[in-house]
Amino acid sequence: MSRFFSNKYAHLTPYTPGEQPRDRRYIKLNTNESPFPPSPKALERAAAAAENLQLYSDPTALALKQKLAQCSGVQPEQVFCSNGSDEVLYFAFLAYCDKNTPAAFPDISYGFYKVFAQFTGIDYTMIPLQEDYSIREEDYFSLGKTIFIANPNAPTGKLLTLAQIERILQNNPSNVVLIDEAYIDFGGESAVKLVDRYDNLLVTQTFSKSRSLAGGRLGMAFGNAKLIQDLETVKFSINPYNVNSVTMAAGIGALEDEEYTRKNCGIIMENRAYTAKKLEEMGFTVLPSFANFLFASPPGGDGGSLYKALKDKGILVRYFDATRLREFVRITIGTRQQMDALLEATSQILEETP
Ligand SMILES: *Cc1c(COP(=O)(O)O)cnc(C)c1O
């Protein structure tokens, strides 16, 4: 820290992204990216848009909003576009939290919620998951706080039903409930269809996981037009050109090829079931996952050792050195080939372990 760094950030612990080491070629199963390239449609549109990079991107993101609205069955005024969904999460902390309205989220969830709360100076409550790592809906009733819930949750992969989400919305009529659907395309049911019924619902999604555009940085939110207007006010006060024109075009291209996304998600879900079964046969405890990853605990329950041993064999998974998490590793679901390499290496490690 330099002697010039603002005091208000002196105690900030920034988010730690999954490692992206360059020392050798790894099978990367640690950051929940797609193993598949972007749709050819997305690449084609991106290349065409690159020819106009001398111009600013459209600050209203109109064409992309219209396409998203059409694909999701909402109005363009109910859509917000952002530089990855991380950005709209940040904007939501700015827009819907303050001294009187603190934040609440599960104690085990996406690590960025806590970082954004600290960064924006918002008080927050972390609500413990149940014994089986699931969210108890009643714990989120009438809190008087802005609620952030990842559904499916990360890193557990567990899913709340739409009925459960509706009860949380009904029991917080005076507060925003943000449902972070980064992983919704891998078997869950989206809450976007509820935005007309609940003016306190904001749903965020991303092109990073199911649409193979993590490097493009594209996210979105769906909600009541007034909620979206609040986010626009924040955005136009920070960075009106938050989504670049190449990425915006790639996003439209990806949406024109939903068939490709559906097919890839289908493969991931098949590989997820396959990998879970094989790991269970090796004695792992595997949480039932609705995401493109598995949260799995090896026999003996030492996630850290397994993480290290896999890394030595050229396979990266994610390990969280924290209470209730260190028994597990989080494994991104990749191609069948990548999963077979993981299973082979894991089986060797288990044999070598005394
Ligand atoms: C990956 C992820 C995000 C952020 O994704 P972006 O790449 O910023 O769109 C948000 N929430 C959860 C739970 C995630 O896992």
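I need the GluC sites (Glu not before Pro) found in segment 102-147, filtered to DSSP loop residues with at most 15 other beta carbons within 10 Å of theirs. Present the calculation step by step, with values, prior to reporting the outcome.
Values: sites: Glu131, Glu137, Glu138; in loops: Glu131.
Filter output for segment 102-147: Glu131.
Name the trypsin sites (Lys or Arg not before Pro) in segment 176-267 that are in a loop by DSSP and that have at most 15 other C-beta atoms within 10 Å, would you?
Details: sites: Lys193, Arg197, Lys209, Arg211, Arg217, Lys226, Lys235, Arg262, Lys263; in loops: Arg197, Lys209, Arg211, Arg217.
Sites meeting the loop and neighbour criteria: Arg197.
Here are some pairs, Lys145/Lys278; Lys28/Lys65; Lys193/Lys235; which of them have Cα atoms lying more than 30 Å apart in this structure? Mind dumping the intermediate values first?
On the way: Lys145/Lys278 42 Å; Lys28/Lys65 32 Å; Lys193/Lys235 25 Å.
Long pairs (Cα-Cα over 30 Å): Lys145/Lys278; Lys28/Lys65.
What distance in nm lies between label points placed 7 Å from Cα along the C-beta direction at Leu350 and Thr233?
Each label point lies 7 Å from its Cα, and together they span 5.5 nm.
First select every other residue whose beta carbon is under 10 angstrom from the beta carbon of Leu129; then total the charges, Lys and Arg +1, Asp and Glu -1. Don't skip to the answer; put the middle values down first.
Numbers: positive: Arg136, Lys158, Arg324; negative: Asp107, Glu131, Asp132, Asp139.
Result for the neighbourhood of Leu129: -1.
Determine the distance separating the Cα centre of segment 107-180 from the Cα centre of segment 75-98; give it in Å without decimals.
Distance between centres, Cα-based: 16 Å.
Label 7 Å along Cα→Cβ of Gln337; segment 35-63 residues with amide nitrogen under 19 Å?
35-40
Taking the 0 to 90 degree range and rounding to the nearest ten, how far is the long axis of helix 225-238 tilted relative to the main principal axis of the chain, both from C-alpha atoms?
90 degrees
Kindly express, to the nearest 10 degrees and within the range 0 to 90, the angle between helix 245-255's C-alpha long axis and the longest C-alpha principal axis of the chain.
For helix 245-255, the angle is close to 70 degrees.
So which GluC sites (Glu not before Pro) in segment 1-68 end up in coil per DSSP with only 13 or fewer other C-beta atoms within 10 Å?
Working: sites: Glu19, Glu33, Glu44, Glu51; in loops: Glu19, Glu33, Glu51.
The qualifying sites are Glu19, Glu51.
Between Phe5 and Tyr56, take the C-beta separation as r, use R0 = 25 Å, and let me know the FRET efficiency to the nearest 0.05.
On the way: r = 32 Å, r/R0 = 1.26.
Taking R0 as 25 Å, the efficiency between Phe5 and Tyr56 is 0.20.
Could you give the semi-axes, largest first, of the ellipsoid that matches segment 1-132, computed as the square roots of 5 times the alpha carbon gyration tensor eigenvalues and rounded to whole Å?
Working: eigenvalues 196, 107, 77 Å².
With the √(5λ) rule applied to segment 1-132, the semi-axes are 31, 23, 20 Å.
Pull up the cross-link candidates among the aspartates and glutamates for Lys308, meaning alpha carbon to alpha carbon under 17 Å and not fewer than 8 places away within one chain.
List returned: Glu19, Asp23, Asp321, Glu327, Glu344, Glu351, Glu352.
Which stretch or stretches of segment 127-171 have amide N atoms under 12 Å from the point lying 7 Å from Thr101's Cα along the Cα→Cβ direction?
Counting only backbone N, you get 144-147.
Counting each DSSP H run of 4 or more residues in the chain as -39500 (n - 2.57), what helix-only mean residue ellipticity at 222 nm follows after dividing by all residues, to the nearest 500 deg cm²/dmol?
Values: 10 runs with 128 residues, N = 354.
The helix contribution divided over the chain gives -11500 deg cm²/dmol.
Would you grab the residues whose amide H sits under 5 Å from the one on Ser57? Only those 5+ places off in sequence or on another chain, please, with H modelled 1.01 Å from N.
Correct list: Ser245.
For segment 40-257, give the share of DSSP beta bridges that are antiparallel, in percent and rounded to the nearest 5; count only bridges with both residues there.
Numbers: 9 of 23 bridges.
Taking every DSSP beta bridge within segment 40-257, about 40 percent pair in antiparallel fashion.
Mind checking the angle between helix 258-281 and the chain's longest principal axis? C-alpha axes, 0 to 90 degrees, to the nearest 10.
Relative to the chain, helix 258-281 is tipped by roughly 30 degrees.
Mind checking which of Ser212, Ser297, Ser237 has the largest fluctuation in a GNM of the chain, springs on alpha carbons under 10 Å?
Comparing Ser212, Ser297, Ser237 in the GNM, the peak value goes to Ser237.
State, in angstrom, two size descriptors of the chain derived from its alpha carbons: Rg to one decimal place and Dmax to the nearest whole number.
So, for the chain, Rg and Dmax equal 20.4, 62 Å respectively.
Can you tell me the length gained on complete extension of the stretch Gln20 to Thr161, counting 0.36 nm per residue apart and subtracting the Cα distance? List each step's numbers first, then the result.
Working: separation 141, 0.36 × 141 = 50.76 nm, distance 3.38 nm.
Gain on extension, Gln20 to Thr161, equals 47.4 nm.
Each value in this text was obtained by applying a stated rule to the coordinates, not by laboratory testing. Please read all numbers here as calculations on a predicted model, not as lab measurements. Cβ sites come from the backbone with ideal geometry, for glycine too, and all protein chains shown count toward neighbours.
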